[in-house]
Structures are given as structure tokens and as C-alpha cells.
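Read the structure below first, then the notes.
The values are calculated or read from the model by the stated rules, or taken from the named source; none is laboratory data. Just so it is clear, the model here is predicted, and its values are computed rather than measured. Don't worry about glycine lacking a Cβ; one is built from the backbone with ideal geometry, like all the others, and counts go over all protein chains shown.
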């Protein structure tokens, strides 16, 4: 089935091979709290290198996604092929979109189990560095999938929005349930807790809008929250609707 714009709608796709996951030591230092100009002690550098190698042995990248038609965008509800998402900021971002890509990515549970074991043994620094490597790895999986979806959309002449996850901005984390429902229960490796957190923790879920008139700026433009650690763009006052 295709949209009016020509984009093919899909059942849930599962990708477990060919996912590029390069774990950068600079990114790990950032997760550990180092500033970009700071140079860690030689023993920390050595530990980061060894834990990167360990991470590569433990991670099992997987990506799940589906592309569905956006049937309506109101304020604040977005209807995506029978799924209902509620967020004023997301609705503004998706006002020009005709399709939505829903996704979940993960690196599996093995790395987290090793982190827990190291912590139990009192090897806190080793556990922290390995945990940071896992965080970097799952972000790289999400970035890889996003790039792939952008290429897919570009081939059809479509624009793509930023990716958003439940819990960001005003999008309530309980909407994880609706997002997972959209994937037809396919992410067998990823489960939701009663509080809608994902297990394994090193997993990322989200949605991206697609379409010929899709907004490509971030919702940060009309959010004036100060000191936000995830801010992507500067607040533009005139864009905000009170």
C-alpha cells in the first residue's frame, strides 16, 4: 500500500544484520562527565579502550520499524493508522507530515548483565565505563536507523522530521504502550515495565514524521524551558503559541 505521496506503508521490519555501531571513546568520556578539552588519566584511557572491546563482544544491535499513514493531526492529538498520540509539540511538528515511522532499537541485554555483575563485584569504574559504552552504542544504532529512514524518504522526495521519543518535551512516557502497539508486538527483545520503561535499558523508541511538507526544525524552537540538557535548537519566541 502507498500513500498519496508515493511512500510505501509497511508491516514491522526487523533488522539484525549490517547495523553500523562505532563506539567512540570521545562520546564515552562525555557520558562519564569529562569536558571536551579534558584529558583523562592514562589508566582511564586504557580502561575505556578495553571496555570498548568488551562492549563490541556483548552488544547485539537490532532495529524494528514500520511506516504508517498519518490520518489526522489536531491539537494535541495525532492519529496514525488507528494509533493515538497526544502531544502539543509533536502535533505542531507533524502538521505537514503524511506518514510516520515508528521504531524501537536495542543492543540487547548481555551488556547490562555484565554491568550488573561488575557492580556486584565492586568494580564500579569498570561498570560505569562499560555502561557508558552501551549508551553510546544504542545511540549509534538509533542514528543508523534514522539515516536509513532519511535515505528511504529522500528517494521518494520526502522530508523527514527530527526523531522524538515518549518522555521528551510534553509527550508522556505512558505513550510507549501505543507506540509498541504500532509495531505489532514485534520487538520481542524489548519489554515495557509497569512504568513504561524499556527492558533492556539500552533501548530507544521513537517516531519520525515524513512527507512533502514535513517540518524539519526541532520542537525546541517553541519551547522556552531553560537549562534543558537535550536542547537541540534555540527558543524562538514568536513561534510559541501560548
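The set of residues in the stretch 145-161 that are in contact with a helix residue (DSSP H, G or I) (Cβ under 6 Å, 6 or more places away or on another chain) and part of a strand (DSSP E or B) contains only 160.
The residues on offer are 55, 62, and the sole one that is within 15 Å of residue 138 (Cα to Cα) and touching a helix residue (DSSP H, G or I) at 6+ places or on another chain (Cβ under 7 Å) is 55.
So which of 2, 8 is farther than 24 Å from residue 187 by Cβ, modelled with pLDDT under 85 and touching a strand residue (DSSP E or B) at 6+ places or on another chain (Cβ under 8 Å)? Answer to the check: 2. Consider residue 62 carefully, then state whether it is free of Cβ contacts under 8 Å to residues at least 40 places away in the same chain and surrounded by 15 or more Cβ atoms within 10 Å (Cβ to Cβ). No, not satisfied. Among the residues of the stretch 162-188, those identified as in contact with a helix residue (DSSP H, G or I) (Cβ under 7 Å, 6 or more places away or on another chain) and within 10 Å of residue 85 (Cα to Cα) are 166, 171. Given the criteria at pLDDT below 95 and either under 30 Å from residue 47 (Cα atoms) or under 16 Å from the mean Cα position of the chain (by Cα) (or both), does residue 162 qualify? When the stated conditions are applied, residue 162 passes them.
What do you reckon, is residue 181 in contact with a strand residue (DSSP E or B) (Cβ under 8 Å, 6 or more places away or on another chain), on the phi < 0 side of the Ramachandran plot and crowded, with 17+ Cβ neighbours inside 10 Å?
Spelling it out, it is not the case that residue 181 is in contact with a strand residue (DSSP E or B) (Cβ under 8 Å, 6 or more places away or on another chain), on the phi < 0 side of the Ramachandran plot and crowded, with 17+ Cβ neighbours inside 10 Å.
Does residue 122 meet the test of being over 30 Å from residue 158 (Cβ atoms), assigned to a loop (DSSP other than H, G, I, E, B), modelled with pLDDT of 95 or more and in contact with a helix residue (DSSP H, G or I) (Cβ under 9 Å, 6 or more places away or on another chain)? The answer is no for residue 122. Only residues that are farther than 18 Å from residue 52 by Cβ, in a loop (DSSP other than H, G, I, E, B) and modelled with pLDDT of 90 or more: list them for the stretch 13-38, please. Passing the criteria: 16, 17, 18.
Within the stretch 80-115, the only residue that satisfies the criterion of being free of Cβ contacts under 8 Å to residues at least 12 places away in the same chain and at positive phi is 82.
Could you tell me which residue of the stretch 94-113 is surrounded by the most Cβ atoms within 10 Å (Cβ to Cβ), considering only residues that are assigned to a helix (DSSP H, G or I) and touching a helix residue (DSSP H, G or I) at 6+ places or on another chain (Cβ under 6 Å)?
In this case the residue turns out to be 111.
Among the residues that make up the stretch 115-133, is at least one of them closer than 22 Å to residue 12 by Cβ and buried (at least 19 other Cβ atoms within 10 Å of the Cβ)? No, the conditions are met nowhere in the stretch 115-133. Restricting attention to the stretch 129-144, does a residue exist that is part of a loop (DSSP other than H, G, I, E, B), under 13 Å from the mean Cα position of the chain (by Cα) and without any contact (Cβ under 8 Å) to a residue 24 or more places away in the chain? So far as the stretch 129-144 goes, no, none of its residues is part of a loop (DSSP other than H, G, I, E, B), under 13 Å from the mean Cα position of the chain (by Cα) and without any contact (Cβ under 8 Å) to a residue 24 or more places away in the chain.
Does the stretch 85-93 include one or more residues that are modelled with pLDDT of 90 or more, in a loop (DSSP other than H, G, I, E, B), in contact with a strand residue (DSSP E or B) (Cβ under 9 Å, 6 or more places away or on another chain) and surrounded by 13 or more Cβ atoms within 10 Å (Cβ to Cβ)? Yes, the stretch 85-93 has at least one match. Is at least one residue of the stretch 195-205 outside any strand (DSSP E or B), over 17 Å from the mean Cα position of the chain (by Cα) and either over 30 Å from residue 155 (Cα atoms) or modelled with pLDDT under 80 (or both)? Looking through the stretch 195-205, at least one residue is outside any strand (DSSP E or B), over 17 Å from the mean Cα position of the chain (by Cα) and either over 30 Å from residue 155 (Cα atoms) or modelled with pLDDT under 80 (or both). On the basis of being crowded, with 20+ Cβ neighbours inside 10 Å and more than 26 Å from residue 114 (Cα to Cα), does residue 168 make the cut? In short, no.
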